[in-house]
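The next block holds one structure in the form of structure tokens; read it before the comments.
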Amino acid sequence: MRLIDKRTVIKSVPRRWREQYRDRRWATVTTKHGLDISADAIYRQLQALDLDTCSEQEVIAIVENSSWTTILCEACEKSVEHAILIDGEGGTTGVLICPRCIGKATKFLQRGMR
Ligand SMILES: [Zn+2]
């Protein structure tokens, strides 16, 4: 179980970008300004950021997409600032749940155990 916050997500963008384009490093992405740029060139721009201090907007300016820095609760499907990642068993993907949904689940559980 891990706490996921914006910094965690920002720090993971280069790695996730690399994984997404692993077999298509030289595939081009057309920017909103109409320029064709390779996935690898975008990766190098991400690597050049100071991931400990850069803003979310700096990341979005490079990837031109806020989905890379969004934390989406898998229960309520809302964009949140923090979430808990409950790890899956045997290397399966975990589940990302926001504090509000964990609170609702805890109350639900407590009512059921009375
Ligand atoms: Zn939620």
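Just so you know, all these numbers are worked out from the coordinates, no wet-lab data involved. Keep in mind that this is a model prediction, so the values were computed, not measured. Please note: Cβ atoms are built from the backbone with ideal geometry, for glycine as well, and neighbour counts cover all protein chains shown.
I'd like to know which of Thr30, Ala41, Pro99 lies farthest towards the positive end of the charge dipole of the chain, counting +1 on Cβ of Lys and Arg and -1 on Cβ of Asp and Glu. It is Pro99, whose Cα lies furthest towards the positive end. One quarter of the surface of the convex hull around the alpha-carbon atoms of the chain equals 8.8 nm², the direction-averaged projected area. Counting Lys and Arg as +1 and Asp and Glu as -1 over every other residue whose Cβ lies under 12 Å from the Cβ of Arg18, the net charge comes to +3. For Val29, the amide hydrogen comes within under 5 Å of the amide hydrogens of Ile37, Ser38, Ala39, counting only partners 5 or more places away or on other chains and with H modelled in the peptide plane.
Between Lys107 and Ser67, what's the calculated FRET efficiency when r is the beta-carbon distance and R0 is 30 Å? Round to 0.05.
Working: r = 31 Å, r/R0 = 1.03.
About 0.45, to the nearest 0.05.
How much length would be gained if the chain were fully extended between Thr30 and Thr53, taking 0.36 nm per residue of separation minus their Cα-Cα distance, in nm to one decimal?
Between Thr30 and Thr53, full extension yields an extra 5.5 nm.
The C-alpha atoms of the chain define a longest principal axis, and helix 99-112 lies at about 20 degrees to it. Helix 6-20 axis versus longest C-alpha principal axis of the chain: approximately 60°, rounded to the nearest ten. Taking N as the number of residues in the range 72-112, what is its Cα Rg relative to 2.2 N^0.38 Å? Here the Cα radius of gyration is 1.24 times the empirical estimate.
For the chain, averaging the sequence separation of C-alpha pairs within contact (under 8 Å, six or more residues apart) and dividing by the residue count gives a relative contact order of 27 percent. Can you list the aspartates and glutamates whose alpha carbon is less than 16 Å from that of Lys32, not counting same-chain residues fewer than 8 positions off? Answer for Lys32, where 16 Å is the Cα cut-off: Glu58, Glu64, listed by chain and number. Across the range 2-69, Cα-Cα pairs farther apart than 17 Å form 39% of the total.
As a calculated quantity, the FRET efficiency between Leu3 and Ser38 at R0 = 25 Å, using C-beta atoms, amounts to about 0.15.
Listed values for the range 52-65 are Karplus-derived 3J(HN,Hα) couplings in whole Hz (6.51 cos²θ - 1.76 cosθ + 1.60, θ = phi - 60°), namely 7, 10, 5, 8, 4, 5, 5, 5, 4, 4, 7, 8, 6, 7, and x replaces Gly and Pro. Counting only Cβ charges, +1 for Lys and Arg and -1 for Asp and Glu, the dipole size of the chain around its Cα centre is about 480 debye.
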